[in-house]
Amino acid sequence: MTFTNWAGNVVFGARRVHRPGSVAEVARLVAGAERVRALGTGHSFNRIADTAGDLVSVAGLPRRVEIDAARSAVTVSAGLRYGEFVRTLDEAGFALPNLGSLPHISVAGAVATGTHGSGVRNGSLATAVAGLELVTADGQVAGIRRGEPDFAGMVVGLGGVGVVTAVTLDLVPAFEIAQYVYEDLPVERFTEDAAEILGAGYSVSLFTRWRTDRIDQVWLKGPHETPELLWHGASRATVAMHPVPGMPARHCTEQLGVSGPWYRRLPHFRLEFTPSSGRELQSEFFVPVECVTEAFAALDDMRDRIAPVLRIGEIRTVAGDELWLSPAAGRDSAAFHFTWIDDPAAVTPVVAAIEERLARFGARPHWGKVFTAGPDRLRGRYDRWADFARLLDGYDPAGKFRNDFLDRFFPRAGTPAPKLDTRPVGE
């Protein structure tokens, strides 16, 4: 029996696939394994989660949603999908600062790869993390909290420091938000007014097929108000839209300015439907936000190569952070996302060409998506790259959590193991 990722483009090489029903069972599995990797919802598009050893799904861990109202925080089990607990937060009067476009992804997997939503003042989903509970290489359950040594290196940890079993997230007061869509934004207006356009809402996404001199759709998520019919040369949509041409709008969250709770507007897609277009590949590249129009022009100049293998492209913004391997580390960023057709042979050379075009901007790829750049190219784009390599060696000296992906980017060097607090993160 084969076991694949969500997109079906990766067949895992694991000898065994486990779905433990408790943290204690995770600890026993890790303690007895030679090589082991954690798996969430399998929504990565490369081999970051693959292993020749044991694959441990955290989706079977008991549901845990523990709200600490005094601290404005919640501790959730690592395998929970965002869409499975956000309503509970809202009913308690709380919200997460932001959500990704898909509520279908697991908390631990999204955090470990630097996944994000949008908004010039909104950090990636990992920036909401206040603590991690994880099973370390020796099978011990440990916790680490914001402000402790190595925390900033372990959050976007690529699965290399342990099997995360619970995550504590910061909360904000619950809020309502509305969603508007504009069509056919002229590229020249985007070039002239990029900062204003990208900052026009709590969350802003631009969708383009890279085919014409117009950006197909702009999704604005912000306060309920009466918007302009024409905005920067774009027309306000009067019917609900799906960003991928030909897909039904009922799969998407409600639009047309209808106000609703944060968790029903910040994602693009509804939990009950297949997100995006279904079977596909994805890539994403982060550049400094001040370079967004130059980067756009560089990509627009190769639209004849991008468009034939593209379903839809998206441009979002992500506030900078201090997490060592976050694609937005140290700089406010614009992220160029590509949802490709399901044809690796056709897509891969286009991805490589995009990377060449964006190299002068120091582009960083999303760790869980399709990219071709190797460590020689990426190493200099992260200030804490060497520190992260030492962290991996320190917490996993025998290489239990390693795989070909980590070995390629962060070869083992041998570092004395640090000590972690063995209290669970929620205590």
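Values quoted throughout were computed directly from the atomic coordinates according to the rules given, and no laboratory measurement underlies them. Predicted model only: the values in this text are computed from it and were never measured. As a convention, Cβ positions derive from the backbone with ideal geometry for all residues, glycine included, and neighbour counts pool all protein chains shown.
Do the sum for the chain: with -39,500 (n - 2.57) for every DSSP H run of n ≥ 4, divided by all residues, what is the mean residue ellipticity at 222 nm, to the nearest 500 deg cm²/dmol? Could you put the intermediate results ahead of the total?
Details: 11 runs with 88 residues, N = 427.
Calculated at 222 nm, the ellipticity per residue is -5500 deg cm²/dmol.
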List the residues, sorted by chain then number, that are 5 or more residues from Trp6 or on another chain and whose placed amide H is less than 5 Å from its amide H.
His43, Ser44
Hey, rough spin-label estimate for Thr238 and Ala24, points 7 angstrom out along Cα→Cβ, what's it come to in nanometres?
6.4 nm
Compute, for segment 104-176, the length of the dipole vector about the Cα centre, with Cβ point charges of +1 (Lys, Arg) and -1 (Asp, Glu) only. Units Debye, rounded to 20.
160 debye
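What is the sum of charges, Lys and Arg at +1 and Asp and Glu at -1, for the other residues whose Cβ falls under 13 Å from the Cβ of Ala33? Please report the intermediate quantities before stating the final value.
Numbers: positive: Arg15, Arg16, Arg28, Arg35, Arg37, Lys400, Arg402; negative: Glu25, Glu34, Asp54, Asp138, Asp396.
Spelling it out: positives minus negatives among the neighbours equals +2.
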Scan around Phe94 for amide H atoms under 5 Å from its own, H built in the peptide plane at 1.01 Å from N, and keep only partners 5 or more places away or cross-chain.
Ala174
Can you order the peptides 127-137, 47-57 by their average number of other Cβ atoms within 10 Å per residue, highest first?
127-137, 47-57
Quick one: which residues, 5 or more positions from Ala166 or on another chain, have an amide H under 5 Å from its amide H? H modelled 1.01 Å from N in the peptide plane, none for Pro or chain starts.
Ala78, Glu133
Taking the alpha carbon gyration tensor of the chain, what are the square roots of 5 times its eigenvalues, largest first, to the nearest whole Å?
34, 25, 19
The distance between the Cα centres of segment 240-314 and segment 116-144, in whole Å, is 25 Å
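What is the sum of charges, Lys and Arg at +1 and Asp and Glu at -1, for the other residues whose Cβ falls under 13 Å from the Cβ of Arg19? Walk me through the intermediate numbers first.
Values: positive: Arg16; negative: Glu25, Asp54.
Summing Lys/Arg as +1 and Asp/Glu as -1 gives -1.
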How much length would be gained if the chain were fully extended between Glu176 and Arg377, taking 0.36 nm per residue of separation minus their Cα-Cα distance, in nm to one decimal?
68.1 nm
Label point 7 Å out from Ser259 along Cα-to-Cβ: which residues of segment 201-228 have amide N under 14 Å?
222-227
Contour minus end-to-end for Ala345 and Ala69, with contour as 0.36 nm per residue of separation and end-to-end as the Cα-Cα distance?
94.3 nm
Euclidean distance between Cα centres, segment 174-220 to segment 39-93, Å:
30 Å
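Given 0.36 nm per residue, what is the gain on full extension from Asp387 to Leu229 after removing their alpha carbon distance, in nm? Can you show the working numbers first?
Numbers: separation 158, 0.36 × 158 = 56.88 nm, distance 5.07 nm.
Contour length minus the Cα-Cα distance gives 51.8 nm.
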